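Here the structure is laid out as structure tokens; the discussion comes afterwards.
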């Protein structure tokens with residue numbers, strides 16, 4: 001069993017997973033990358049990436065992911081379409097079931113990412129990357145001098161709205177309820193800002209601009225009266241949080257109350273030989289470059305772990 005076990009398996013094919021794959025492959029560990037239910041991660045639905053080092057003119061998100069994948073494959077990384085169904089981390093080598101296949105591995109890198117929460121509107125989905133975004137720090141610059149809207153009622157929404165005032169001339173914060181979940185200090189900061197306008201009891205019914213492939217406005221509904229109205233904006237940002245893709249490992253590694261993997265020393269989980277990197281354990285930064293950095297760290301720790309355990 002041990003002889004047929006792989007040295008490492010990487011769950012996820014976003015920036016963190018692919019960087020880990022590059023480093024692990026260069027160390028001759030022949031990593032197997034399980035691409036997951038969102039191959040390429042959030043960058044695969046991002047248009048222009050202007051803040052990744054080394055691309056002065058920017059690069060399209062899907063192209064950046066493809067470049068990283070080719071780089072990992074060049075050094076010997078293998079890729080498999082699918083996602084983890086069942087894992088047993090109590091045995092060593094670890095036992096993973098991917099689809100109908102059972103795979104054994106001496107180490108595991110969890111880079112399964114976090115999925116943005118969306119409203120679920122067809123028009124919203126059609127305009128992701130064309131005026132609809134879930135990341136203010138990624139896309140705020142593109143809305144310089146424009147009016148935009150942010151949806152949400154928690155700290156994430158307040159942070160997004162405050163950050164976006166650096167670029168937008170007006171930020172309308174939309175919340176479907178009367179009261180907010182945000183902490184008092186974050187709410188007070190947002191309310192004190194002259195360029196943020198609050199609209200409570202307001203739900204987004206449709207994002208306008210699908211035919212033009214660019215957001216032109218929002219169709220809104222008052223959740224109390226049912227009255228509909230139109231808000232002309234050039235962008236819509238979702239500030240309703242993320243869902244870490246770690247539920248399949250619940251009970252085997254430590255998760256916090258929101259489902260993020262808890263790590264120590266950057267990428268170590270409580271299970272020896274299991275490491276986590278990227279957005280599945282990073283609720284603070286959630287940037288491509290920080291995900292890549294943690295993917296590097298995870299791969300280096302895997303190499304060290306295998307050396308210490310007689311590979």
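Listing for the model above:
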| read-out | value |
| --- | --- |
| Flag if residue 204 is surrounded by fewer than 17 Cβ atoms within 10 Å (Cβ to Cβ) and closer than 12 Å to residue 150 by Cβ | no |
| The one condition in (1) under 30 Å from residue 91 (Cβ atoms); (2) modelled with pLDDT of 95 or more that residue 207 fails to fulfil | (1) |
| Strands (runs of 3 or more DSSP E) contained entirely in the stretch 86-149, each with at least 3 residues that are buried (at least 21 other Cβ atoms within 10 Å of the Cβ) and touching a strand residue (DSSP E or B) at 6+ places or on another chain (Cβ under 9 Å) | 101-110 |
| Criterion: touching a helix residue (DSSP H, G or I) at 6+ places or on another chain (Cβ under 8 Å) and touching a residue at least 40 places away in the same chain (Cβ under 8 Å) - qualifying residue of 16, 5 | 16 |
| Which listed residue is buried (at least 21 other Cβ atoms within 10 Å of the Cβ) and either part of a loop (DSSP other than H, G, I, E, B) or without any contact (Cβ under 8 Å) to a residue 24 or more places away in the chain (or both), from 180, 167 | 180 |
| Scope the stretch 24-35; condition surrounded by 21 or more Cβ atoms within 10 Å (Cβ to Cβ) and in contact with a helix residue (DSSP H, G or I) (Cβ under 8 Å, 6 or more places away or on another chain); matching residues | 24, 25, 29, 31, 33 |
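The values are calculated or read from the model by the stated rules, or taken from the named source; none is laboratory data. Keep in mind that this is a model prediction, so the values were computed, not measured. Note that each Cβ is placed from the backbone with ideal geometry, even for glycine, and that neighbours are counted across all protein chains shown.
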